[in-house]
1. Taking the residues in region 662-676 that are among the polar types (S, T, N, Q) and touching a Gly at 6+ places or on another chain (Cβ under 7 Å) as candidates, determine which candidate is most open to solvent (accessible area, probe 1.4 Å).
2. Residues in region 637-646: is at least one touching a strand residue (DSSP E or B) at 6+ places or on another chain (Cβ under 8 Å), among the basic types (Lys, Arg), assigned to a loop (DSSP other than H, G, I, E, B) and buried (at least 16 other Cβ atoms within 10 Å of the Cβ)?
3. Among Arg470, Arg437, Arg457, Arg445, which is the only one that is farther than 25 Å from Ala626 by Cβ and over 21 Å from the mean Cα position of the chain (by Cα)?
4. Considering Ala617, Ala596, Ala605, which residue is within 25 Å of the chain's Cα centre (by Cα) and within 27 Å of Phe672 (Cα to Cα)?
5. Is it true that some residue in region 390-399 is out of contact with any strand residue (DSSP E or B) (no Cβ under 8 Å at 6 or more places or on another chain), touching a residue at least 12 places away in the same chain (Cβ under 8 Å) and either among the basic types (Lys, Arg) or in a loop (DSSP other than H, G, I, E, B) (or both)?
6. Condition first: more than 14 Å from Tyr201 (Cβ to Cβ), open to solvent by less than 20 Å² (accessible area, probe 1.4 Å) and among the polar types (S, T, N, Q). Now tell me which residues in region 264-293 satisfy that.
7. Picking from Val338, Val369, which residue would you name as being open to solvent by less than 20 Å² (accessible area, probe 1.4 Å), closer than 30 Å to Gly44 by Cα and either assigned to a loop (DSSP other than H, G, I, E, B) or without any contact (Cβ under 8 Å) to a residue 24 or more places away in the chain (or both)?
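The values are calculated or read from the model by the stated rules, or taken from the named source; none is laboratory data. Please read all numbers here as calculations on a predicted model, not as lab measurements. Cβ sites come from the backbone with ideal geometry, for glycine too, and all protein chains shown count toward neighbours. Keep in mind that these areas ignore ligands, DNA and RNA; they rest on the heavy atoms of the full protein, side chains included. Shrake-Rupley method; radii C 1.70, N 1.55, O 1.52, S 1.80 Å.
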Amino acid sequence: MARVTATTWTHLGQTARVWPGRNFPLGATWSPESTNFAVYAPAGTAAWVCLFHEVDGREEEERFALTERSQGIFHGALPGVAPGTRYGFRVDGPWNPAEGHRFNVDKLLLDPYALAVAGDLDPQQPAFGYVFGSPEVRQGDDSAPYVPRSVVVDPTFGGTFDWEGDSPIQRRWRDTVIYEAHVKGMTALHDRVPEDLRGTYAGLATPAVIDYLRDLGVTAVELLPVQQFVSEPALTERGLTNYWGYNTIGYFAPHNGYAASGEHGEQVREFKEMVKAFHQAGLEVILDVVYNHTAEAGPLGPTLCFRGLDDRGFYKRVMPAPGPDGAPGAFDDTYWDVTGCGNTVNSGDPLALRMILDSLRYWVTEMHVDGFRFDLMSALTRTGYDIDMGCDLLVAIGQDPVLRHVKLIAEAWDASMDGYLVGRMPPPWTEWNDQYRDEIRDFWRNHSSGIRTVATRLAGSSDLYADDGRSAYASINFITAHDGFTLRDVVTYESKHNEANGEDNRDGTDNNRSWNHGVEGETDDPALQAVRRRQAANMMATLCLSNGVPMITAGDERGRTQRGNNNAYCQDNEMSWIDWRPDDAWLDVYEITKAALRLRREHPALRQRHWFEGRPAIKGGPKDLAWLHPSGREMSEKDWHDTELRTVGMFVSGRPLRSPGPHGEQQIDSSFVVWFNAGWLPQRIQLPENDWVQTGEVVISTDFKLPAGTVVQAGDRLSIGRRSIVVLRER
């Protein structure tokens, strides 16, 4: 980035070019007549909008004072500002870190409401508001050459962008299958995506990707963070970058690094084109959003945006100790951090709350996304320092006419001891269910204490969600996610291997609940390879056929590996990207996944909204759900407490379903029995003799001795291979 040659601060006639403008909307609002700039800095004493232009091959800066101020917002309008113009703010005010004020007019600030961002962070000393080694001393070098720029955007692109009637899809939760993916990682190595589009929004929208997702059977793509982010300075020092993107600084701007079309606002068009292409294929787009912390990190982080506007209000502080006689203590500038990232956004602060809500609405109304997954949601559900299910943010989202109807997913925990909220989020929220992940991994690696809790997870986790009126789809079921081992690594590695991250393998969890099946890492042994693939297929089939909403991590269905790295957040390379070559793909796992998703899609019995009750849906009918012992009888109370039991049958009735059809009609579907054998040995099972099902056939099997198409009769005795899953459908 070229060093800025700035114009004089108050050059002659400058004020005549700035119209009063208005204090809303916040950000840069373009029109053919002028561009209105509005920025919230309630304790600031003066503010400037800075425009950047290329002159004779170098970048020059013009500064214009925003002399109008109302409700803590500096504002003004400039005529003749074209879309694509790069800009930023400078705000003056007190420098008093001990009081939570870090105003520094020498630091160029991103617009919190910028619709696009150009450039990246170069974490040199001028990008920081203080002097290295002396955090109380204000640093006076210009940061402009080292920090990104905001970009003026015309969202209609001169009226040339046409949504063609597109709008969010709003598919029912029970019909949803989520595919968690990374924009770059999906296509960086894809040989059927044009080379210049790989790793971009445009690449993700190509038929090669969309057709693959539709063929697999997923209905929604959940994208790892795409709001503008930067890498942590510590990573940059190690020659690494933040690949996952959980270090946001621009909450309205599509990340410029994923755009094939440049950094002058065209990434907004490209993102919209991607969403439109997904919607035309019937696929929803869900964004993973990070409002709990920002890229400015702790007090020793860079000054990029919020720190230079309202540091005291935007970030939570440690509670001050009481003074004498219980009087309120002095202000404590220590950041209160329950995110593990240096800061926690104060979601009860007027600027922060308004920005979060405005940002969410923008992505729905202007960018047409279908929902959000909230990273470390617990950090945002606090009034003061306490968890509060009636906090401002949850109440505001719950009553918002736009946001209350989109898909809302919570990662219902944070880095604190009291922040684990799985099962406690209010309607209409759904949750990542990590208890499902842990129980299913333990079951298939033979570490569970029987099958009692496993059965609860298979049936939708009623212990977590039924008591507050939510349905089984409140549980987002997953075996893996971006954070942790891939599915292939779950069955290949006993321990993490994170040396490439440069942290001496200290990062990442040690609680992997994985099993290498006797050999650590990859092997050429075909028998061991087959066992691992079968175990991966077992877990994928279990996930797809459990009640709740399944989430698949991109590449798991084809055996993607991170070579044992369970914290690949900084690996922007082939370790993280999907390898699309067929020679190392686990195609048998792919076929099982595809078959299980097709079965789920075609049979409403396998994706029910109502809770199972363990009794007939109609008088004289079969139970809606029954659990079968290998002997052929229903499970007894003693069986549920048998810690050695590793085999169980799950009978799901389709005659009729408890859930009515779209017009209130009674729904009739096939009935199913799913046999799970996680034992070390084959298991002889007795098919029950009753009026429920007389004849069935195997429709999915990881036991090669019981292939799909095998016909069975009531009362038959079968042998289920060790560590296998067999799905029988009523004929």
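1. First, pick out the residues of region 662-676 that are among the polar types (S, T, N, Q): 666-667, 670-671.
Of the ones still in play, those that are also touching a Gly at 6+ places or on another chain (Cβ under 7 Å) are 667, 670-671.
Values: Gln667: 48, Ser670: 29, Ser671: 1 Å².
Across region 662-676, the extreme among qualifying residues is Gln667.
2. Among the residues of region 637-646, at least one is touching a strand residue (DSSP E or B) at 6+ places or on another chain (Cβ under 8 Å), among the basic types (Lys, Arg), assigned to a loop (DSSP other than H, G, I, E, B) and buried (at least 16 other Cβ atoms within 10 Å of the Cβ), which makes the answer yes.
3. Being farther than 25 Å from Ala626 by Cβ and over 21 Å from the mean Cα position of the chain (by Cα) holds for just one of Arg470, Arg437, Arg457, Arg445, which is Arg445.
4. Ala596 is the lone residue from the list that is within 25 Å of the chain's Cα centre (by Cα) and within 27 Å of Phe672 (Cα to Cα).
5. No: region 390-399 contains no residue that is out of contact with any strand residue (DSSP E or B) (no Cβ under 8 Å at 6 or more places or on another chain), touching a residue at least 12 places away in the same chain (Cβ under 8 Å) and either among the basic types (Lys, Arg) or in a loop (DSSP other than H, G, I, E, B) (or both).
6. Asn292 - this is the single residue of region 264-293 that is more than 14 Å from Tyr201 (Cβ to Cβ), open to solvent by less than 20 Å² (accessible area, probe 1.4 Å) and among the polar types (S, T, N, Q).
7. Result: Val338 is the single residue among Val338, Val369 that is open to solvent by less than 20 Å² (accessible area, probe 1.4 Å), closer than 30 Å to Gly44 by Cα and either assigned to a loop (DSSP other than H, G, I, E, B) or without any contact (Cβ under 8 Å) to a residue 24 or more places away in the chain (or both).
For every residue, the table says whether it meets (1) within 27 Å of Arg102 (Cβ to Cβ); (2) of a type in the set (Val, Ile, Thr); (3) modelled with pLDDT under 95.
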site	(1), (2), (3)
Thr15	no, yes, yes
Thr35	no, yes, no
Val39	yes, yes, no
Ala47	yes, no, no
Arg63	yes, no, no
Leu66	yes, no, no
Ile73	yes, yes, no
